[in-house]
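The values are calculated or read from the model by the stated rules, or taken from the named source; none is laboratory data. Because the structure is a prediction, the values reported are computed rather than measured. Note: ideal-geometry Cβ built from the backbone for every residue, glycine included; neighbour counts use all protein chains shown. What goes into the accessible areas is simple: the full protein's heavy atoms, side chains included, and nothing from ligands, DNA or RNA. Shrake-Rupley method; radii C 1.70, N 1.55, O 1.52, S 1.80 Å.
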Amino acid sequence: MYETVLADLRARGYTVTRGEDAGEPPALATGGDAPAGLGDAPLAVEPVGPDPTELVERAAHGARHDRAVLYVAAPDDAGAVREVIAEPRFVASARDGLRVFHHVPDRIRLPDDSYAAVRATPPTPRYGESARASADRVLAWREEPGDGGESRLVLEANRRVVATLGSVDSLTCLDSTDAFPYRYARRDGSFRVRKGDREVGRFPGVAAMREGGYMPVPVPLVPEHHLRWGTPAMGLAVAGEGGVRYESV
């Protein structure tokens, strides 16, 4: 599928250079007839799945290097990729300008080098789903109206508010362990959960901690925290039996 897209770009007059650096796109296309209104910038040709973190990081890399980004998706993944990169870009949903965020794999680290946690009922895992993905279905980061026109950042567990931060930018400058009801750290081979100064649980691993009802708090994917160089022109290529279909997004 990816090679089919590269061959089609060459037929459009592009020079395609294969990347060797792990940090670079697998291929860079320059100088051809741009599909999907992508303009004259070099194209970072990125094979992707529907993971929001991967998609926003590839967009950030393209913007940083003055490239447009052409995502290449399998037909079965195209719909999910399209949802992530459609307006409003890289968020799960938005209503009245207030966003619900995807999660990134990182967990929220607190000033004392412990990690934030909340109490929540573990969900029933879906077939083939990882424990982390299962737990993330319980937790939701969203914005709500705040004072002075700035939106607050709210964390829900099982649709119940468990933590509130003053703004999305509060994530980058946490100065207290009190922002979240629980915290955990690994000590002497076990994961210890604390509430204030009191230890409330001790577990052999994070999976056991989740089973005990204590969920690590994921970092929300706030697009502007990733896209500091702006948002590049983006397109989607899907290769099928009828050839390659390009979409402007």
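Yes/no matrix, rows are residues, columns are (1) of a type in the set (S, T, N, Q); (2) touching a residue at least 60 places away in the same chain (Cβ under 8 Å); (3) farther than 23 Å from S134 by Cα; (4) not in a loop (DSSP other than H, G, I, E, B):
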site	(1), (2), (3), (4)
D169	no, no, yes, yes
T172	yes, no, yes, yes
A185	no, yes, no, yes
R192	no, no, no, yes
R202	no, no, no, yes
A207	no, yes, no, yes
R210	no, yes, no, yes
M215	no, yes, no, yes
V219	no, yes, no, yes
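Restricting to the stretch 100-121, name every residue that is farther than 19 Å from E57 by Cα and either of a type in the set (F, W, Y) or open to solvent by 40 Å² or more (accessible area, probe 1.4 Å) (or both).
Those that are farther than 19 Å from E57 by Cα and either of a type in the set (F, W, Y) or open to solvent by 40 Å² or more (accessible area, probe 1.4 Å) (or both): R109, P111, D112, D113, Y115, R119, T121.
Going by the conditions given, is G39 in contact with a Ser or Thr (Cβ under 9 Å, 6 or more places away or on another chain) and among the small types (G, A, S)?
no
Counting only residues that are under 21 Å from the mean Cα position of the chain (by Cα) and not in a strand (DSSP E or B), how many does the stretch 133-167 have?
Residues in the stretch 133-167 being under 21 Å from the mean Cα position of the chain (by Cα) and not in a strand (DSSP E or B): 10 in total.
So which residues in the stretch 169-187 are among the hydrophobic types (A, V, I, L, M, F, W, C) and at pLDDT below 90?
L171, C173, L174
Return the only residue of R202, R183 being surrounded by 13 or more Cβ atoms within 10 Å (Cβ to Cβ), in contact with a helix residue (DSSP H, G or I) (Cβ under 8 Å, 6 or more places away or on another chain) and of a type in the set (D, E, K, R).
R183
Pull up the stretch 57-93, narrow it to residues that are in a strand (DSSP E or B) and open to solvent by less than 10 Å² (accessible area, probe 1.4 Å), then point me to the one that is nearest to G39 (Cα to Cα).
A68
Test R18 against the stated conditions and say whether it is under 15 Å from V5 (Cβ atoms), open to solvent by 40 Å² or more (accessible area, probe 1.4 Å) and modelled with pLDDT under 95.
Spelling it out, R18 is indeed under 15 Å from V5 (Cβ atoms), open to solvent by 40 Å² or more (accessible area, probe 1.4 Å) and modelled with pLDDT under 95.
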